[in-house]
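Working notes, structure below.
The values are calculated or read from the model by the stated rules, or taken from the named source; none is laboratory data. The structure displayed is predicted, hence computed values, not measured ones. Cβ atoms come from the backbone with ideal geometry, glycine included; neighbour counts cover every protein chain shown.
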Amino acid sequence: MIKFIRRILSFRITLSMCISLAVLLFARSVLASHAEEPVFLFFSNATEVVLVSIALLVVLLALRAFLWTTGLRTKLISSFLFISLVPICILSILDQKVTSEALSENSRQAMLAAASHTAESIDSFILANLSTVRTESTISQFAQYLSLPPDKRAGSPEELAAMGILTSLKRRDPTNITSLALLDLSGRAVADTFGFDTGLDKSNRDYFLIPIETGLPYVAAVGVSESAQQPSLYFSSPVRDTSGRILGVLRSRYNAAVLQQMILPRMDIEDHAFSAALFGDEGLRLADSHRPDLVLTPTFSLYQNVKAQIASERRITVESDQGLVIGMSKKELSDPGVTFFHTSLYGPDSEPTLNVKVRLRYMPWTIVLGYSEAANLAKIATQSHYALVVVLCIVLAVLIVAVRVTRGITHPVLALTGAARALSGGEDKVFIPIESDDEIGELAATFNQMSKALFQSRQRLLASTERLQSLLDTLPDTVILHDAEGAIFDVSQSFENTFGHPQNEAHNLSIEDLSGGGLTEKDALLLIDSCVEHGLQAFDWVARRKDGSEFPTYIRLRRLDLPEGLRIMAVVTDITERKQAELDLLNARNYIANIIDSMPSVLVSVDAEGDITQWNIQAEKATGLKKKAVTGHPLGEILPYLSDEMERVREAMRCRSPLEDSKRVHMVDGVIRYEDITIFPLIANGIDGAVIRVDDVTERVRLEQILVQSEKMLSVGGLAAGMAHEINNPLAAILGYTQNIRNRLFGEKKSNIDAANECDVALDKLRAYLELREIPKMLDGIHESGNRAAKIVSNMLNFSRKSGDNFTKHDIAVLLDQSIELIVSDYDLKKSYDFKQIAVYREYDPSLPPVYCEGNQIQQVFLNLFKNAGEAMTEKDYKDGSPFFVLRTSEKDGMAVIQIEDNGPGMNPDICNRAFEPFFSTKATGKGTGLGLSVSYFIITDQHGGSMEVFSEPGQWTRFVIKLPLLRESDINNIEKKHI
């Protein structure tokens, strides 16, 4: 009968296994036939089907062993197989899945990195050539050549120089640069290294129209060159004269094959790369790594207007409006939200690939890289075969080991089981024979000792259990009874609720099992020893529940001398709620204190009598007084200048609303400071008092004053610029008429002689009369004065222009001379003195190189110094001399040194120390803002990275020393490139 049942079970297991295999194979075939991508499931290949089948077979055997009545040996063998084979099968399958996903992800990331790198390379190429063509367009020989009249260009030295430079520039990349050309304002190619293009009209090309219109460098879309008959890429930039007027366009033409070179796959991704292509904004294929013959062919169907536009721009001659279909739309290709997509880049007849696309930053182009995942699947198949062989070997080894091991375990265990049944049946002394000296024999010896110890302890415990149990169960806290070594004998009924351990398992626990917070049994034994010595001990302790959670307790130990020996009674009180309340209170105090101390304002709280109760860190920084030193003292005693605020404090408390006092003046070390004072009444919980907040707003007030002054100066500057423009027109007329008068009186023109004969006037006598009356000298004076006035107006216009980021190289000597010429015409200064009466001595170093600076700002500094010095000189009485300036320039330690010295009244050391402070002035009220020197100091130190110092001898002289850094030519070029 038993054999028949086993056969049925075996048949049932075999049938279940066959059904499982059939279901797995059917599901795999269905999913594989309907999936567009490979099916990555636990049964994606034959090897995984076998692994899953082995795992299911082992699981069924284990279920049969543990759900039906079977022997220990069967269960051990089933357990061996289950523990060893099921995890191995699962890990093998998971390893294949993870490896497959990792390889696919690595391939995606490698291709994305390659596409991003290629896009960055093309962007860098475009940006670098835009910068290069802009820099090359500033070559002065180009402007000189284009500024010539068209009829004087041919064969001129300027033409030879321009063509020589164009030819030299082309040599920097002769492989890719096919032409460099200069276009005049009419769009005609007046100079071209590709001779066939010279003289052609390019006025309708975008690389000419857009730079002329915007004044900026431009890169045109890829097009077919009319003369070179090859795809080309154009870079262009306007050519300007020294005044900024556009004279023409410099155009650089590249062979578009350079794009083909830049998209070739990198060596580190060749295992993954399948193709690479560069698409334009209309879907034109600009470059292709595998099919160069498809360059400049459309990818999508073109509308007639698009087709006509491309043809008109000569970007390509489109023969058909049907594109090479790649399985995605133009919108999807340009969609930034799509990074990976499946399609073929070479039409529906080609192998589809997984593609990655990256959009360029500086052109509306898209780089697309595609690759196949077939190599990854091949690696996974090889790994699967190895995994199957390893698992089958493990199955065989586990079966052999399990049979042999279980045979030696079951017999002694059966004997031990019979003895245990006898002991549990109530027998006092049960012993089993020891047949070996291995672990089984040691287990039998341990059982015998346990049986003996159990008999002895049972007798002792029965006596004490009844006495203690009633006492333990009546206490509200948990009571634990243990000896001096920490061995637990008994616990109260509340032990399970407190620690989570069943009451009947307490004697198996140690003190360390019930302790948390890093506390050990050694720590507990020290306290127990103290209790043994003194009889009592109380302390806080961190306890641990069965689930691992910890909680604070308060433990009281008492020594008990019982008949069975020394015992310790521990009364455990859970103080979680008390500790949490203390922690919440401490956190609240710290949080409020941190909020107050983190405020950037001075915060002082006072009670109803005006005594300080709170003093934040900002108040300590502002006064240098610590919180402990001021708490409890009257506010007026600690901060006397706030003593009159107490009346406003009381008013705020009465009104229950804040009071503010804005921009209150406060003297600190002789310096005026402005403060906003706000009083907030304390109106909660019946507390009488207020919080005083003090904010230093000096910088804000000064900034407002500076802004007002700046607006005024901007208005004056605009008015001066307008007047200068208006003066220019009559000046031009005066100079023109003067020249015409001289030509008609002293010129040898035939018209002059005819007019004199018609009036019967002897021309030579008329000229003698004019010479005698010094008329030519007067005309020269008018012309000289007009030229001088025109030069002053030009300097004023240059100075009045708004300063931007216009750092260029300037000759410091020229800036000083222009400032002198400008200050001579200053209207405000002439009301006080005649600047022309001040002598100017120049000691310029001719070897000082140009300084890279903002010319208008440096001129503003010089004008401030000249103006201040000139006004100061009017206050000095020059008995034996006259006022003068000494201007010096030199170079020292890589710095340009400028010295402006006068022989005015000088300044004392205190004034010198404060000369550059904002709003500091020695002038009378209303005659100065005190901002001139501070703004000058800001321009030199902050805007130009230099230094500015003042030295003076009272009554003798004053010398301002300005140092500006001399940058290397490479540094200047790098700075200029950043501003392109």
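What to note about this one:
- Subset of region 547-567 that is out of contact with any Asp or Glu (no Cβ under 7 Å at 6 or more places or on another chain) and of a type in the set (A, V, I, L, M, F, W, C) - its residue that is surrounded by the most Cβ atoms within 10 Å (Cβ to Cβ): LEU557
- Some residue of region 712-720 being of a type in the set (Val, Ile, Thr), at pLDDT 65 or above and loosely packed, with under 15 Cβ neighbours inside 10 Å: no
- Among the residues making up region 226-251, those that are in contact (Cβ under 8 Å) with a residue 24 or more places away in the chain and out of contact with any strand residue (DSSP E or B) (no Cβ under 7 Å at 6 or more places or on another chain) are GLU226, SER227, THR242.
- Exactly one residue out of GLU969, GLU901, GLU917, GLU976 is at pLDDT below 80, of a type in the set (D, E, K, R), on the phi < 0 side of the Ramachandran plot and buried (at least 16 other Cβ atoms within 10 Å of the Cβ): that is GLU976.
- Failed criterion for ILE263 (all others in (1) buried (at least 16 other Cβ atoms within 10 Å of the Cβ); (2) without any contact (Cβ under 8 Å) to a residue 12 or more places away in the chain hold): (2)
- LEU635 vs. criteria modelled with pLDDT of 70 or more, within 15 Å of THR613 (Cβ to Cβ) and surrounded by 13 or more Cβ atoms within 10 Å (Cβ to Cβ): yes
- Residue list for region 525-541, restricted to those being part of a helix (DSSP H, G or I) and farther than 15 Å from LEU481 by Cβ: LEU525, LEU526, LEU527, ASP529, SER530, GLU533, HIS534
- LEU481 vs. criteria surrounded by 16 or more Cβ atoms within 10 Å (Cβ to Cβ), modelled with pLDDT under 80 and not polar (S, T, N, Q): no
- Among the residues of region 191-219, those identified as in contact with a helix residue (DSSP H, G or I) (Cβ under 6 Å, 6 or more places away or on another chain) and either hydroxyl-bearing (Ser, Thr, Tyr) or modelled with pLDDT under 85 (or both) are THR193, TYR218.
- In region 170-225, the residues that are within 20 Å of THR138 (Cα to Cα), of a type in the set (Lys, Arg) and touching a residue at least 12 places away in the same chain (Cβ under 8 Å): LYS170, ARG188
- Listing of strands (runs of 3 or more DSSP E) fully contained in region 842-923 that carry 3 or more residues being in contact with a helix residue (DSSP H, G or I) (Cβ under 9 Å, 6 or more places away or on another chain), without any contact (Cβ under 8 Å) to a residue 24 or more places away in the chain and more than 21 Å from SER819 (Cα to Cα): none
- Residues (at pLDDT below 70 and on the phi > 0 side of the Ramachandran plot) located in region 671-702: ASN685, GLY686
- Restricting the first member to region 345-370 and to residues that are free of Cβ contacts under 8 Å to residues at least 12 places away in the same chain and among the hydroxyl-bearing types (Ser, Thr, Tyr), and the second to residues that are surrounded by 16 or more Cβ atoms within 10 Å (Cβ to Cβ) and assigned to a loop (DSSP other than H, G, I, E, B), the beta-carbon pairs closer than 9 Å and six or more apart or on different chains are SER350/SER344.
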